[in-house]
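Okay, so here's the structure we're looking at.
The values are calculated or read from the model by the stated rules, or taken from the named source; none is laboratory data. This one's a predicted model, so the numbers in the text were calculated from it and none came from an experiment. Every residue, glycine as well, gets a Cβ built from its backbone with ideal geometry; the counts of neighbours run over all protein chains shown.
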Amino acid sequence: MVKSAIRALELLEVLAERGTAMTHGALAEALGLPKSSLTELLAALESRQFVRRDDGGSRFGLGPEILPLAGALLRQMDIIKLTRPILAELMEKSGESAALSVRSGREIMVVARENGLHPVTYLMQVGHRAPLSTAAAGKALLGAASARDREAYLAEPLPAPTRHSVTDPEQLRAQLDVIATGGVAMGRDELFEGVVALAMPLRNAEGHPVAALSIGMPTMRFTPERSAMIEGLLRKAADQVSYWIGWRANNKTPEEQ
């Protein structure tokens, strides 16, 4: 019974990863199952509508009963609740303030945070807003968005809270292109002078950026060694949360769709 359940889950995983209906033979090869065993498994899943046949009847895809399960899971997954332990871990391991931010129009808004414990630290406040182009979290969300979305943002004047803020669209576009290919987002003295932050986006199952994790600190503590350490922490955390909310490495990003 346990073996059959594992095979059923593996079959559903293959269909989800491929993203398209598959023939009986292709499924048997992908799962390493005898065709006779696969026929029984498909019949059982099809009877419960977890698997369906295409119009020609020769290919199999995910069935409609998958949707209620996925919907129930998504309703249970509050991203703020989900990331609170991650933020605490980021703060403890880096010693600096960590935040979760979401996009609100042309701004980002901090929705959760864990402030560092250094005597001199960058205090983040829930509800704080900042222009997308001046905050590391905002750049992370822009860089992970579609090219059309990025260009729409760049078409309007860029704000300049400090003398270091990027106001040249070409300069910001170059930064966003790096982020779009997996680079870390950075904001240095662009939102507040004396503060530097790094950020990575969180992607959902469709590859869309839904939030960003960031770590901020006074510029005086920012060194190449700390930059590399913090980038590693953010990448691991962003990969973990994105996986929880449905992102897989072989999914297509908005840029590729």
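In segment 227-249, what residues are touching a residue at least 12 places away in the same chain (Cβ under 8 Å) and more than 13 Å from the chain's Cα centre (by Cα)?
Within segment 227-249, Ser227, Met229, Ile230, Glu231, Leu233 qualify.
Step by step: first the residues of segment 60-82, then only those that are under 25 Å from Leu31 (Cα atoms) and either assigned to a helix (DSSP H, G or I) or not assigned by TED's automatic domain parsing to the domain that holds Ala8 (or both), then the one that is modelled with the lowest pLDDT. Which residue is that?
For segment 60-82, the residue satisfying everything is Ala70.
Could you go through segment 103-124 and let me know if any residue there is within 24 Å of Pro218 (Cβ to Cβ), out of contact with any Leu (no Cβ under 9 Å at 6 or more places or on another chain), modelled with pLDDT of 90 or more and among the basic types (Lys, Arg).
Scanning segment 103-124, I find no residue that is within 24 Å of Pro218 (Cβ to Cβ), out of contact with any Leu (no Cβ under 9 Å at 6 or more places or on another chain), modelled with pLDDT of 90 or more and among the basic types (Lys, Arg), so the answer is no.
Would you list the helices (runs of 4 or more DSSP H) that sit entirely within segment 2-59 and hold 1 or more residues that are within 28 Å of the chain's Cα centre (by Cα) and loosely packed, with under 12 Cβ neighbours inside 10 Å?
The helices (runs of 4 or more DSSP H) meeting that bar are 2-18.
Among what's in segment 122-168 and is charged (D, E, K, R) and closer than 15 Å to Leu100 by Cα, pick the residue that is surrounded by the most Cβ atoms within 10 Å (Cβ to Cβ).
Of everything passing the filter in segment 122-168, Lys139 is surrounded by the most Cβ atoms within 10 Å (Cβ to Cβ).
Do the conditions hold for Leu31, that is, is it over 30 Å from Gly127 (Cβ atoms) and of a type outside the set (Val, Ile, Thr)?
So Leu31 fits the description; yes.
May I ask you to say which residue of Gly207, Gly232 is in the same structural domain as Ser133 (by TED's automatic domain parsing) and closer than 23 Å to Glu89 by Cβ?
Going through Gly207, Gly232 in turn, just one is in the same structural domain as Ser133 (by TED's automatic domain parsing) and closer than 23 Å to Glu89 by Cβ: Gly232.
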